[in-house]
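The values are calculated or read from the model by the stated rules, or taken from the named source; none is laboratory data. Source: prediction; values computed, not measured. When we count neighbours, we look across all protein chains shown, and the Cβ atoms used for this are built from the backbone with ideal geometry, even at glycine.
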Amino acid sequence: MKKMIKVENLYHSYNNDDNYAVNDVSFEIRKGEIFGFLGPSGAGKSTTQNILVGLLQLQRGEVEVAGYDIKHIKNKMFNKIGMSFEQSNVYGKMTGLENLEFYRKLFDVETREPMELIRMVGLDGKENIKAGEYSKGMKHRLTFARSMINNPEIWFLDEPTTGLDPAIAANIKDIIRQENEKGVTVFLTTHNMHIADELCDRVAFIVDGKIRLIDSPKKLKLEYGEKLVDVEYFREGELVKDSFSTVAGGGKDRLVDVIRNHEIQTMHTKEATLEEIFISVTGRGLV
Amino acid sequence: MIKKILLLFQRDLKVSVRNFITLYILVVPVIFAVVINIFSPGINDTTVEIVLLEGENPEQVEYFKQFANVTLLETIEAVEERVRKRDHIIGVLPDGSQEYFILTQGNEPDYIVDYVKNLTAFDHYGIGTEDSTAEIVDYGRDIPPLKKLMVNTAMIFTSILGGMIIALNIVEEKTDNTISAIHLSPVSRMGFIAGKSLMGVFVPVVSAFLILTITGFRNINYFHAFLMIVTSSIISILIGFIEGINNDDVMNAAGNMKLLFLPLFGCIAGEELLADKWQFLFYWIPFYWTYKGNDLVLSNSGSWLDIIKYAGIVLGISIIVFLVLAPRIRKGLE
């Protein structure tokens with residue numbers, strides 16, 4: 001399948017010394033994939049992303065984005081990429097609609113109708129208010145909407161749901177899924193493991209500038225989660241807790257027996273969360 | 001690319017009109033022009049003032065009025081008191097029949113006192129301008145020198161206003177953090193800089209032409225004026241970028257732009273007041289050459305060669321400044 005992003009042995013140092021913010025990072029992202037770049041603050045996520053979009057100069061390594069070599073960035077490349085920044089960055093003295101109208105005219109490709117995007121992110125009715133008067137969440141949504149205006153093939157999302165209330169965050173996640181279904185490749189940078197778990201086809205764990213692991217959330221859970229089912233049930237009037245292996249000998253039969261003959265209070269599979277796997281793999285928390 | 005540069009310029013213009021400070025800056029040149037019209041003296045205005053005794057010699061009053069500003073007071077005491085005031089007004093009072101004496105404070109310039117002395121003598125002997133045998137040959141210049149100086153200064157001043165608006169727009173981009181968003185569009189870094197720079201040309205050109213029209217300089221060569229205005233705006237554009245990059249606050253950026261007023265007014269004062277041997281001290285200031293070029297434009301006496309010479313010097317100095325500042329501007333807009 002076509003590779004949309006190819007990174008080989010990427011290094012970056014802000015002081016041009018051996019203290020690397022990004023240290024020998026390599027990965028590839030296929031077309032139509034949602035790739036999560038996960039790590040705590042200061043891990044090197046934003047640095048990597050800023051190099052990929054050309055906001056930071058490539059110092060060492062090979063990077064190819066949408067078929068363009070980042071060493072020699074061509075302006076045409078930006079017709080193919082979109083980016084939603086973590087810190088909203090819209091013109092405060094222009095209305096929401098004017099912001100999108102202005103930005104769309106900067107592109108050389110077919111663009112989306114600004115009002116369509118405004119409706120999509122739930123800002124309809126607020127389009128003629130100056131963005132400077134928007135709340136933090138509204139500005140964030142406008143920044144998110146703007147990143148879609150040029151129908152990007154690769155969509156860089158930096159903490160797309162941070163600071164949004166749960167209903168709006170759910171809406172944003174739906175939009176990401178819909179766009180991905182249309183074939184848009186998504187590079188998602190976040191420290192929120194829940195959104196990564198819900199959306200990503202594959203995730204990379206990055207800590208101290210180094211990628212520790214790349215795989216799909218499902219495989220990681222299978223690999224790192226325990227294959228146990230925790231059950232709370234009543235036996236002779238007393239509440240009993242027990243764990244049953246779903247693979248080891250006899251565990252399945254005992255579980256079936258408990259289900260048949262006892263009243264079940266609670267029952268959970270012992271599936272690991274991405275956060276637990278991250279801590280287990282990197283030895284670090286996500287904050 | 002030109003379409004995108006114009007788009008960036010349109011955005012800046014739209015936002016500038018919505019901002020009180022930048023709107024004020026845009027209106028300032030019109031205020032200047034009106035003020036120049038009100039306060040600059042006319043071609044026949046004179047600075048020589050004479051105070052006379054009212055009703056004492058009406059013919060003399062009429063004669064003096066042709067050559068000086070005349071004030072009439074009722075008593076000798078009032079005339080004496082008026083002469084004692086700080087300005088250079090000269091009293092002419094009767095001293096017996098047909099005789100007059102000239103009353104001064106003593107600190108008036110000799111040429112003013114001599115001028116009044118001659119007027120008094122000419123009036124006494126009945127000599128008028130028609131008695132002169134001299135033929136007058138002139139260059140047809142009918143603009144008062146002070147008005148020309150004020151308009152010239154105002155024209156250069158507008159270029160600084162253009163730079164000031166650029167600085168304010170850059171500060172706005174930094175505050176809203178929007179430069180990174182522009183960099184992720186197909187607009188090149190140079191395109192962005194060019195788009196931002198257009199305000200620094202548009203404001204001086206429109207403002208200067210407004211000033212020229214309002215103050216009555218309608219018969220000059222406007223192409224000459226355009227060339228001088230555009231070249232003089234380059235240095236202000238560069239400083240505007242640097243101040244925008246170095247400041248995070250609108251007021252600081254505008255305040256620092258005022259530093260340009262010092263070389264501006266300094267070189268004008270130097271050109272007007274200092275002897276030729278000291279003029280070299282101002283050669284490094286582009287405004288100095290702009291002032292000289294504008295002077296030719298306003299007096300309508302400069303050839304294309306003259307104007308290109310002065311515009312070329314301004315352009316040369318601006319290119320040197322650009323070469324020094326360009327890396328800082330590029331880095332600052334990353």
_Wholly enclosed strands (runs of 3 or more DSSP E) of region A:2-107 bearing at least 3 residues closer than 28 Å to A:THR161 by Cβ and within 14 Å of chain B (Cβ to nearest Cβ)_ = A:81-84
*Might you let me know whether region B:172-192 holds any residue that is at pLDDT 90 or above, touching a Lys or Arg at 6+ places or on another chain (Cβ under 9 Å) and farther than 21 Å from B:LYS4 by Cβ?*
no
_strands (runs of 3 or more DSSP E) wholly inside region B:41-124 that include at least 1 residues being among the β-branched types (Val, Ile, Thr) and at pLDDT below 90_ = none
*Would you kindly identify the strands (runs of 3 or more DSSP E) lying entirely within region A:208-287 that contain at least 1 residues that are in contact with a His (Cβ under 9 Å, 6 or more places away or on another chain) and of a type outside the set (Asp, Glu)?*
A:228-235, A:238-245
_For the structure I just gave you, tell me whether B:ARG189 is at negative phi, of a type in the set (D, E, K, R), away from chain A (no Cβ under 14 Å) and surrounded by fewer than 18 Cβ atoms within 10 Å (Cβ to Cβ)._
no
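Looking at B:ALA154, B:ALA225, B:ALA167, B:ALA194, which is the one that is touching a helix residue (DSSP H, G or I) at 6+ places or on another chain (Cβ under 7 Å) and within 14 Å of chain A (Cβ to nearest Cβ)? Break it down into steps so the answer makes sense when it comes.
Details: B:ALA154 fails: within 14 Å of chain A (Cβ to nearest Cβ); B:ALA225 fails: within 14 Å of chain A (Cβ to nearest Cβ); B:ALA167 fails: within 14 Å of chain A (Cβ to nearest Cβ).
Being touching a helix residue (DSSP H, G or I) at 6+ places or on another chain (Cβ under 7 Å) and within 14 Å of chain A (Cβ to nearest Cβ) holds for just one of B:ALA154, B:ALA225, B:ALA167, B:ALA194, which is B:ALA194.
When only residues in region A:168-207 that are outside any helix (DSSP H, G or I) and of a type in the set (A, V, I, L, M) count, which is nearest to A:PHE85 (Cα to Cα)? Walk me through how you get there before you give the answer.
First pass over region A:168-207, keeping only residues outside any helix (DSSP H, G or I): A:182-192, A:200-207.
Still in the list and also of a type in the set (A, V, I, L, M): A:184, A:186, A:188, A:203-204, A:206-207.
Values: A:VAL184: 18, A:VAL186: 14, A:LEU188: 11, A:VAL203: 19, A:ALA204: 20, A:ILE206: 19, A:VAL207: 21 Å.
Of everything passing the filter in region A:168-207, A:LEU188 is nearest to A:PHE85 (Cα to Cα).
With assigned to a loop (DSSP other than H, G, I, E, B) and either within 14 Å of chain B (Cβ to nearest Cβ) or of a type in the set (Asp, Glu) (or both) as the only criterion, which of A:PRO152, A:PRO160 stands out? Working first, answer last.
Working: A:PRO160 fails: either within 14 Å of chain B (Cβ to nearest Cβ) or of a type in the set (Asp, Glu) (or both).
Answer to the check: A:PRO152.
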*Residues located in region B:133-167, provided they are out of contact with any Ser or Thr (no Cβ under 9 Å at 6 or more places or on another chain) and surrounded by fewer than 17 Cβ atoms within 10 Å (Cβ to Cβ)*: B:THR133, B:ALA134, B:GLU135, B:ILE136, B:VAL137, B:ASP138, B:GLY140, B:ASP142, B:PRO145
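Kindly evaluate B:ILE235 against the criterion of being more than 17 Å from the chain's Cα centre (by Cα), buried (at least 21 other Cβ atoms within 10 Å of the Cβ) and closer than 15 Å to B:PHE157 by Cα. Steps first, please.
Details: more than 17 Å from the chain's Cα centre (by Cα): yes; buried (at least 21 other Cβ atoms within 10 Å of the Cβ): yes; closer than 15 Å to B:PHE157 by Cα: yes.
Yes.
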_For region A:58-79, which positions are out of contact with any helix residue (DSSP H, G or I) (no Cβ under 8 Å at 6 or more places or on another chain) and surrounded by 21 or more Cβ atoms within 10 Å (Cβ to Cβ)?_
A:PHE78, A:ASN79
_Anything in region B:203-222 that is in contact with a Leu (Cβ under 9 Å, 6 or more places away or on another chain), surrounded by fewer than 18 Cβ atoms within 10 Å (Cβ to Cβ) and assigned to a helix (DSSP H, G or I)? List them, or say none._
B:VAL206, B:TYR222
*asked:* So, B:LYS292, is that one surrounded by 13 or more Cβ atoms within 10 Å (Cβ to Cβ) and either among the charged types (D, E, K, R) or more than 27 Å from B:PHE9 (Cβ to Cβ) (or both) or not?
replied: yes
